Amino acid sequence: MGVPAEHVSINQITTRRWTLGQAIDGCARHGAGGIAVWRDRLAELGLAEARRRLTASGLAVSGLNRAGPLLHAEAAAREAALEDARRAVAEAEAIGAACLMVLPGGLPEGSRDLPAARRMLEEMLGRLLEAARAAGVSLALEPLHPQYAAERSMLNTLAQANTLIERLGPGIGLVVDAYHCWWDPALGQEIARAGDGRLLGFHVCDWLVPTRDPLLDRGMPGDGVIDLAGMRSMVEAAGYTGLVEVELFSTRWWEEDPDLVVRLCLERCATRL
Ligand code: ZN
C-alpha cells in the first residue's frame, strides 16, 4: 500500500499560487515524479523556457491542461476552438506531455439537445485527432461528474467516454479522476474496459462531506469518502503504470503555503493510497 513520491505528479492547480517556474522547482524539491501543466501558466513562462526547465528538473509531465471547450453553438466559434486545440497539441508535444486533456464543454448556448451535443463532440474530436496523431500526442478524455453537464462537460460517465474512445480509434484514451467517477456503479468494469492501453491517467483528490462547492471544495486525499486505495488497485490491475496525479481544486488549500500542500499530498499518497 502507498504510492511513493516518485510515482506522484502534482497538478499545477494544486499549487495555484506558484508560477510554473516555482511549481517545477517545488515539485522537484519535494521529490515528486512529475507535474501536470496548465497552458495559461505555460504561456507566462514561454514554451521554450518551460521546456528547458522541465527537462532540467527531471520531472515527467503527466498531462497538459487543456484543449477545449470544444462545444459551441456557432460554427465560427467551433473552428476557433479547434484552432486553439491544435495549438495545445503542439504545446503538449513540445513539453513531452504524456497526454493532452480535452475539455468537451457543456451544452452549447441556447441548446437543450444533449444527443446533438454528443454528436458534435465526436465530430470535433475526430478532427482534432488528425492533428494529435500527426504529432504523436495522446488526447485524454476525462469524464466529469454529471453536475458539470450543463456548463463544463457533457461527457459524464466512464462508459460514455470508453464508448467514444473505442469509436474514435487510436490516439485517444481515458483519464480516471477519482472525484468525478467514484460514485459510478460500473467503476471497476469500465476501468478494466479501458485497460487495453487506453488508460492515460489517474487523478486523485477526495470527496468531502459535506461538499460546500462543487468545483472548489475538493478534499486532500484521505480527508473524504473515496476509496482511493481501491481505485488505485483497479487502475493498476487494468495495466496503468503512469503517475498518480494529485489535482486539488480547493479554495481552502489554495490559501496554504504550497510547500506545505505538496508535502501533505505526497505524504497522503504514500499512506492513504
Ligand atoms: Zn482530473
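The numbers here are math on the coordinates, done by the rules we state, and not lab data. Just so it is clear, the structure is predicted and the values come from calculations on it, not from any experiment. Because the Cβ atoms are built from the backbone with ideal geometry, glycine has one as well, and the counts that use them run over all protein chains shown.
Annotations for the structure displayed:
- Residue-wise HN-Hα couplings along region 259-268, as the Karplus relation 6.51 cos²θ - 1.76 cosθ + 1.60 with θ = phi - 60° gives them from phi, are 4, 5, 5, 4, 4, 5, 4, 5, 5, 5 Hz; Gly and Pro carry x.
- 222 nm mean residue ellipticity, helices alone, for the chain (DSSP H n ≥ 4; -39,500 (n - 2.57); rounded to 500): -13500 deg cm²/dmol
- Three principal axis lengths of region 1-148 [C-alpha, angstrom, descending]: 48, 35, 27
- Once you reduce region 112-135 and region 178-199 to the center of their Cα atoms, the two points are 21 Å from each other.
- Evaluating 6.51 cos²θ - 1.76 cosθ + 1.60 at θ = phi - 60° for every residue in region 10-18, the Karplus couplings come out as 9, 5, 4, 5, 5, 10, 4, 6, 7 Hz, glycine and proline recorded as x.
- Cα gyration tensor, region 1-40 - rounded (a/c under 1.5), prolate or oblate: prolate
- Principal axis extents of the Cα atoms in region 1-77, from largest to smallest and rounded to whole angstrom, are 47, 34, 21.
- Each of Phe249, Phe202 was scored by other Cβ atoms within 10 Å of its Cβ. Arranged with the fewest first, they read Phe249, Phe202.
- The Cα trace of region 129-174 gives Rg and Dmax of 11.6, 34 Å, the first to one decimal, the second as a whole number.
- Diffusion constant of region 43-96 at 20 °C, which comes from Stokes-Einstein with the Kirkwood Cα-pair radius and 1.002 mPa s, µm²/s: 173 µm²/s
- Sorted on the mean count of surrounding Cβ atoms within 10 Å across their residues, most packed first, peptides 71-82, 50-61 read 50-61, 71-82.
- Relative to its residue count, region 106-209 spans a Cα convex hull of 110 Å³ per residue.
- For the chain, fraction of C-alpha pairs farther apart than 34 Å, in %: 12 percent
- 3J(HN,Hα) from dihedral phi, region 240-254, Karplus parametrisation 6.51/-1.76/1.60, rounded to Hz, x for glycine, proline: 6, 10, x, 7, 8, 9, 8, 10, 10, 7, 7, 4, 5, 7, 5
- GNM top mover of Leu70, Leu128, Leu216 - the chain, alpha-carbon springs below 10 Å: Leu216
- For region 1-130, the relative contact order works out to 22 percent when only alpha carbon pairs closer than 8 Å and six or more residues apart are counted.
- The residues Asp257, Asp223, Asp217, when put in order of fewest to most other Cβ atoms within 10 Å, stand as Asp257, Asp217, Asp223.
- Taking the inverse of the mean 1/r over every pair of distinct Cα atoms in region 180-273 gives a Kirkwood hydrodynamic radius of 14.0 Å.
- Spin-label model, Gln22 to Glu255: label points 7 Å out along the Cα-to-beta-carbon direction sit 1.8 nm apart.
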